[in-house]
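Reading through the structure tokens given below for one structure.
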Amino acid sequence: MSDVDLKPVIEIEKLNLVFQTADTPVHALSDIDLTVNAGDFVSFIGPSGCGKTTLMRVIADLEKPTGGHISVNGMTPEEARQKRAYGYVFQAPALYPWRTVEKNIMLPLEIMGLSREEQKARAARNLAMVNLEGFEKKFPWQLSGGMQQRVSIARALSVEPDLLLMDEPFGALDEITRDHLNEQLLKLWDTTKKTVIFVTHSIPEAVFLSSKIVVMSPRPGKVIDIIESNLPRDRTLDIRETPEFLEISHRVREGLRSGHSYDD
Amino acid sequence: MKKSADLVLILFVLLSGISVFLPVGVDADMSVQWWDKPTAFALLVISVAAALYQLISRETTTYAALLLTIGCIAGAFAPLILTRTVDASGYGAIGLWLFLVALGLLVWRSLALLSRAANGNHLLAFAVPALFGIWLLYLWQVVTIGFGIPSVLLPSPEQIGAAIENNTSTLFADFYQTVVKSVLSGFAFGCGAGFLVAILVDRVPFMQRGLLPLGSLVSAIPIVGIAPIMVMWFGFDWQSKAAVIVVMTFFPMLINTLAGLQATSHIEKDLMRSYAASYWQTLLFLRLPNAMPFIFNALKINSTLAMIGAIVAEFFGTPIVGMGFRISTEVGRMNVDIVWATIAVAAVVGSLFYGILALMERRITFWHASYRRAK
Amino acid sequence: MTKPAEISKAGIWRRLYDGKSFPVFVVVLSLLILWYAGAVYMNSDRLIDQYERSKVEWSWQQLTEDAWSMERPILPAPQQIIVELHKTVIDKKITSKRSLVYHSYVTISSTLVGFALGALLGVLLAVGIVHLETLDRSLMPWIIASQTVPILAIAPMIIVVLGHIGLTGLVPKAIISMYLCFFPITIGMVKGLRSPDVLQLDLMKTYSASAAQVFWKLRMPASIPFLFASLKVAIAISLVGAIVAELPTGAVEGLGARLLAGSYYGQTIQIWSALVAASVLGMLLVWAVTITEKLVLGRTGREAV
Ligand SMILES: Nc1ncnc2c1ncn2[C@@H]1O[C@H](COP(=O)(O)OP(=O)(O)O)[C@@H](O)[C@H]1O
Ligand SMILES: [Mg+2]
């Protein structure tokens, strides 16, 4: 990691979010403190319902916090969203069935009002990035699940954001595809020096990908541990057998256990 | 499948065989047999031969299906020829009618073979219902002529065709008045208004909550009953018909468009939000495409409602032209063939109208789960 | 994204605004106001004409009052229709030819007979279509085409043909209702009978169930919610069919006949009250189907589609 640009991209202090539901209020996020620096690969890990998605959505201004402070690139999340500061990859591909693969990737660019040539060029570049050249004219429903998710990543990348938010992007995929995409994602992160925030509930995935792992626990959703990983930036899947890797995995597991997150 | 299929053909051959020994009609008080009419008899033999060939070969190829269809067509000409030359009403023609029943079995079997071959073949997929339709028309023709049904009761397709030919200018004037003037304008205006109001209402949640529960009530109302009122308000000409159609088509479009605009998932909306897309961009790029299947549903429902509305409204008063007017006056004058000619025009126009909409739907909502085929 | 603070502080207005009944109330109220205003607007021309011919001074108040109480208004005011309904529904004996209850009864009987016939035909066709590919391919397009023929066009012909074999009165009207209402039922039932997915059908296959068993144990139960959804559409259409069928039969009984008579004699209030009666009937019929649906589906613990 370069010590030169430890510029904070996201700063979160005492962040709280309470959902008002029909019967009882749900305290989804409780006193979250977190800083994400430029070039970090941060994973949120925790059992389902601990608020990972909600935290990510607050960063993306898809959800308004009920207390605390948050800034993205030194702005409010809303300003950051208006400036199209991030790309968001949802758990499902959410591709539009009436648009071809290429047109799907061009969607945000059309909304931003880029020129036609620029849209085409970016679509081609990012399709290549996810190894899907030659699929431009296909419709999403003609592709496999893994390919669809890669298209949705290419769509997020086409905005050319410095910040990439990914909510369990590979959750629905089989492990083999998943490993493969993990490696590609890591390479992309290494070469483009983007900041990535990644939600997962797989310990190996979190440890393999991240430079920083945020362990969370539910009811109320809070941060238990933040683990800095010192694994090299250019790792391969083999790293999963090394003692360093196993040690970090162990620490994550301990953190999850101490959060009593598995007692029900 | 194969076993029961053979049974149908065997039954056909058996029935045809029996019919050969029965009289096919009466001519000048003399009973007529199959062999008195060599052409018809030869046609019968061809159809039986086709069935026998299929019974032995047991093939299910397109080729076999076409061969059997040719057998059907050949066989079908036999009763057509007979009903023209002999008196075929009653027991005197029992052989003829028995053969017609047998022919029904043969047609069924050949349609079954054709529809099995039709998978993935557009031409055959079109041919199956077309042949079925022709078969129905054919039955109509043979039965009306054979039994000598008076044309004031039910004219034969041939007579209806002649009526269409002899009255083209009247029929065209009626078509122009009813379809071009009333239906098209009313349909366009009603659907357009329903669509625009839906977009407006969708922007105001309060109106939406107020209107949606009423929508289901409105759908229970026989709106066509406003026809007499509209005729009083807007006069006898096409404007009153268009007004009925506007009211009839407005609500299905409103309700369907509203439902369609709701059909967008949360995740899709969040995606647009993450791009900081404006309301109109979200509408154009996401919500309208999603609503298209619903909108086409309304357009198709409305196409049939519009025709009903126009003709009912003409019942309450028209200038002396229009399809509804033509039907009610010609019924009174016992010109039943012209009535049927008008019905035929209405049916063709209605089917074309619907068909064009269905084609457009296919083109525009090709991506919808009900149409798409992977790869 | 609900804001908790707002909910707790929400006043009664906010609650009304967010609720369901209040918006409906507001919409209905505005429609009524529009109606009254429309009545004044549409009837005023004739009234002003009258005033001027008989040279009376007139005020707006006078105009409004007169507009809402004309004998043959262009647009009657709602309370005039209510008065007429009261006269023809409650005051008249129900056997009287001028009782709306009597006319409603005539219309509803052909509606119901037609609906029953249509439901039977619709279900039978759907069962055939689902089980025989030949029927699916050859008949389905014609079923759709049959609906593009405007019903009123063939109604007189149906009446002529049926009249010839001695069927008059209720039957022809019921047949016309049937012609209209079998269609949504066929479409809905085909969808419903095909709704079991591959997995459920494969399960039946592993039991080596016969086609009849698959039908009674899987397809039929799966189609019930679809059946009711289409029955609701069909019964409303059946009513339309019954009303429309009364027009060319020259019927003197039934709501359609009332519409026709009203239009001959320019009795607008009579037309409107027949229309209101028909609307109420339509709602009652749909409501009855909905109740039946709740009972049937409630027993099997399922939701309507
Ligand atoms: N829109 C919402 N309304 C009410 N409760 C919600 C909403 N979204 C999430 N929650 C609740 O907040 C908690 C955290 O949810 P989420 O962030 O989706 O968890 P995770 O992504 O970690 O599985 C859960 O208890 C969930 O039920
Ligand atoms: Mg989640």
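The values are calculated or read from the model by the stated rules, or taken from the named source; none is laboratory data. Because the structure is predicted, anything quoted here is derived from the model rather than measured. FYI the Cβ positions are ideal-geometry reconstructions off the backbone, even for glycines, and counts take in every protein chain you see. For the accessible areas, the whole protein counts, side chains as well, though only heavy atoms, and no ligand, DNA or RNA atoms are used. Shrake-Rupley method; radii C 1.70, N 1.55, O 1.52, S 1.80 Å.
Worth a mention:
- Take the convex hull of the alpha carbons in chain A; its mean projected area over all directions comes to 14.9 nm².
- Mean per-residue shielding of peptide A:20-33 is 1, counting Cβ atoms of other chains within 10 Å of each Cβ.
- Folded to 0 to 90 degrees: helix B:323-332 orientation relative to chain B principal axis, Cα: 40
- Global geometry of segment B:195-313, whether rounded, prolate or oblate, following the gyration tensor of its Cα atoms and the 1.5 cut on a/c: prolate
- Rounded if a/c under 1.5, otherwise prolate or oblate - segment B:58-211, Cα gyration tensor axes: oblate
- Where N is the number of residues in segment C:120-191, Cα Rg divided by 2.2 N^0.38 Å: 1.22
- Modelled this way, with points 7 Å down the Cα-to-C-beta line, the labels at B:LEU123 and C:ALA211 are 3.1 nm from one another.
- Computed over segment C:198-305, the ratio Rg/Rh where both radii use C-alpha atoms and Rh is Kirkwood: 1.25
- Ordered by 1.4 Å accessible area with all protein chains kept, A:PHE208, A:PHE135 run largest first as A:PHE135, A:PHE208.
- Principal axis dimensions, the protein assembly as shown - Cα atoms, whole angstrom, descending: 113, 97, 56
- Once you divide the Cα radius of gyration of segment B:164-371 by 2.2 N^0.38 Å, the number left is 1.19.
- Each label was represented as a point 7 Å from its Cα along the Cα-to-Cβ direction; for B:TYR91 and A:LEU231 these points are 9.6 nm apart.
- Size of segment B:2-149 from its Cα atoms: along the principal axes, largest to smallest, the extents are 53, 29, 23 Å.
- Given a 1.4 Å probe and the protein chains as shown, C:ASP49 ends up with an accessible area of around 80 Å².
- Among B:LEU299, A:LEU181, the order of accessible area from largest down is B:LEU299, A:LEU181, computed with a 1.4 Å probe on protein heavy atoms.
- Charge sum, other residues only, whose C-beta stays under 14 Å from B:LEU171's C-beta, Lys/Arg counted +1 and Asp/Glu -1: -3
- Helices that extend 18 Å or more along their long axis by alpha-carbon positions and average at least 1.6 on the Kyte-Doolittle scale are, among the DSSP H runs of chain C, C:100-131, C:151-164, C:220-246.
- Projected over every direction and averaged, the convex hull enclosing the alpha-carbon atoms of segment A:36-144 yields 9.0 nm².
- Neighbourhood net charge (11 Å Cβ-Cβ; Lys/Arg +1, Asp/Glu -1) for B:GLY322: 0
- Pairs of Cα atoms farther than 37 Å apart, chain C, %: 38
- Per-residue 3J(HN,Hα) values for segment B:177-182, derived from phi via the Karplus relation 6.51 cos²θ - 1.76 cosθ + 1.60 with θ = phi - 60°, read 5, 7, 7, 5, 6, 7 Hz in sequence order (x marks Gly and Pro).
- Treating each Cα of segment C:1-111 as one equal point scatterer and applying the Debye formula with no solvent, the log10 of I(q)/I(0) at q = 0.09, 0.11, 0.12 Å⁻¹ comes out as -0.50, -0.65, -0.72.
- Approximate spin-label separation C:LEU29-C:ARG53, in nm, with each point projected 7 Å along Cα-to-Cβ: 4.0
- Summed over the residues of segment C:227-296 and divided among them, the accessible surface reaches 35 Å² per residue at a probe radius of 1.4 Å.
- In this calculation the C-beta distance from B:SER265 to B:PHE366 is compared with R0 = 22 Å, giving a FRET efficiency of 0.65.
- Shielding of peptide C:126-139 by partners, expressed as the average count of other chain Cβ atoms within 10 Å per residue Cβ, is 5.
- Heavy atoms of the protein chains alone define the surface here; on that basis segment A:32-158 has 33 Å² accessible area per residue at 1.4 Å probe size.
- Unsatisfied cross-links (Cα-Cα over 19 Å) in the set A:LYS137/B:LYS269; C:LYS232/C:LYS294; B:LYS300/C:LYS173: A:LYS137/B:LYS269; B:LYS300/C:LYS173
- Principal-axis tilt of helix B:238-261 within chain B, Cα atoms, nearest 10 degrees: 70
- Cα-derived Rg over Rh, computed across segment C:75-206 with Rh taken as Kirkwood radius: 1.16
- Once the convex hull of all Cα atoms in chain B is built, its volume per residue stands at 186 Å³.
- Simple point charges give the picture: +1 on the Cβ of Lys and Arg, -1 on the Cβ of Asp and Glu, and for segment C:5-75 a dipole about the Cα centre of about 420 debye.
- The base-10 log of I(q)/I(0) for segment A:12-98, evaluated at q = 0.17, 0.23 Å⁻¹, reads -0.80, -1.31 [Debye formula, identical scatterers on Cα atoms, solvent excluded].
- Axial C-alpha extent at least 24 Å, average Kyte-Doolittle at least -1.0 - helices from chain A (DSSP): A:175-192
- Average partner coverage of B:128-135, which counts Cβ from other chains inside 10 Å: 4
- Atom-type composition of the exposed protein surface of segment C:94-155 places 76 percent of the accessible area on carbon and sulfur (1.4 angstrom probe).
- Using a probe of 1.4 Å, the accessible surface attributed to A:HIS201 totals some 100 Å² when neighbouring protein chains are kept in position.
- Listed residues C:LYS205, C:LYS92, C:LYS191 arranged by accessible area, highest first, probe 1.4 Å: C:LYS205, C:LYS191, C:LYS92
- In plain terms, the C-alpha convex hull of segment A:95-160 casts an average shadow of 3.8 nm² when viewed from every direction.
- Cα-based helix-to-principal-axis angle, B:122-146 vs chain B, degrees rounded to 10: 60
- Alpha-carbon centroid distance for the pair segment C:95-157 / segment A:207-264, whole angstrom: 67
- Total accessible area lost when C and B pair, probe 1.4 Å, Å² to nearest 100: 4700
- Rolled with a 1.4 Å probe across the full set of protein chains, the surface gives B:LYS300 an accessible area near 40 Å².
- Amide N proximity, segment A:88-117 versus A:GLU136 label position 7 Å along Cα-to-Cβ, cut-off under 19 Å: A:96, A:98-111, A:114-117
- Estimated FRET transfer efficiency when R0 is 51 angstrom, pair B:ASP6-A:GLU247 (beta carbons, to 0.05): 0.10
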